[in-house]
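The values are calculated or read from the model by the stated rules, or taken from the named source; none is laboratory data. Please read all numbers here as calculations on a predicted model, not as lab measurements. Because the Cβ atoms are built from the backbone with ideal geometry, glycine has one as well, and the counts that use them run over all protein chains shown.
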Amino acid sequence: MSASQDTPAANNVADDFSTETHHAVSAWFMGPRAENSDVMKKLLGEVVDRVTRDRVEYFPGDPAFITASTRDSAPYKREVDDLQRYVTLLADLMSRYSLPFFSPRYMGHMCFDNSLPATLGYLTAMIHNPNNVAVEASPLTSYVEYCVGQQLCKMLGYRTTEDIASEGTKSTYKGWGHLTCDGSVANLESLW
């Protein structure tokens with residue numbers, strides 16, 4: 001270690017960087033003690049509010065499909081009660097019998113806590129139900145998939161559409177890919 005790295009000023013810079021990084025990363029997770037659960041609730045509530053607004057504004061003259069009388073009916077109330085009971089049961093069982101991957105004690109394992117951006121992005125997409133089978137059914141998410149594919153290609157050193165445009169060459173060879181539903185499918189496709 002050089003003498004300049006042993007000085008208090010150098011140590012303070014490292015400490016400041018470490019503290020700043022810790023503070024920034026702390027915003028990405030719910031936290032081992034659910035310290036950011038308020039952030040999760042707020043943002044998820046905003047997603048539900050936005051989806052509600054979008055659905056209400058889509059053909060606003062259309063009549064309600066789920067009417068007040070439907071919501072007052074015994075079968076409807078029974079199904080909502082069942083939904084509440086089973087969601088509560090599932091959440092309780094998951095809390096009791098899932099491994100605590102949210103804990104820093106599990107950081108050395110393959111699994112770790114899901115980040116807030118990943119969780120909120122996943123839930124937002126699920127509520128909108130995009131279908132990436134064809135771009136006509138998923139114009140935005142197919143475009144996002146393309147952009148992520150290009151970013152991954154660039155990260156791994158493959159040529160991208162951007163590289164070809166900046167090179168001004170006639171060659172159109174470039175890296176490509178798509179997002180899969182999980183790691184097993186990705187591994188099978190890579191073998192294929």
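Overview of results
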read-out: Number of positions in the stretch 97-130 that are part of a loop (DSSP other than H, G, I, E, B), modelled with pLDDT of 85 or more and in contact with a Phe, Trp or Tyr (Cβ under 6 Å, 6 or more places away or on another chain); value: 2
read-out: Yes/no for ASN114 being polar (S, T, N, Q) and loosely packed, with under 13 Cβ neighbours inside 10 Å; value: no
read-out: Subset of the stretch 7-63 (residues that are over 25 Å from the mean Cα position of the chain (by Cα), at pLDDT below 95 and not acidic (Asp, Glu)); value: THR7, PRO8, ALA9, ALA10, ASN11, ASN12, VAL13, ALA14, PHE17, SER18, THR19
read-out: Pairs with Cβ under 7 Å, 6+ apart, first in the stretch 126-144 and within 15 Å of LEU179 (Cβ to Cβ), second part of a helix (DSSP H, G or I) and charged (D, E, K, R); value: ASN132/GLU145
read-out: Filter result for the condition that a residue is over 26 Å from ALA125 (Cβ atoms) and touching a residue at least 40 places away in the same chain (Cβ under 8 Å), over SER73, SER69, SER18, SER103; value: SER103
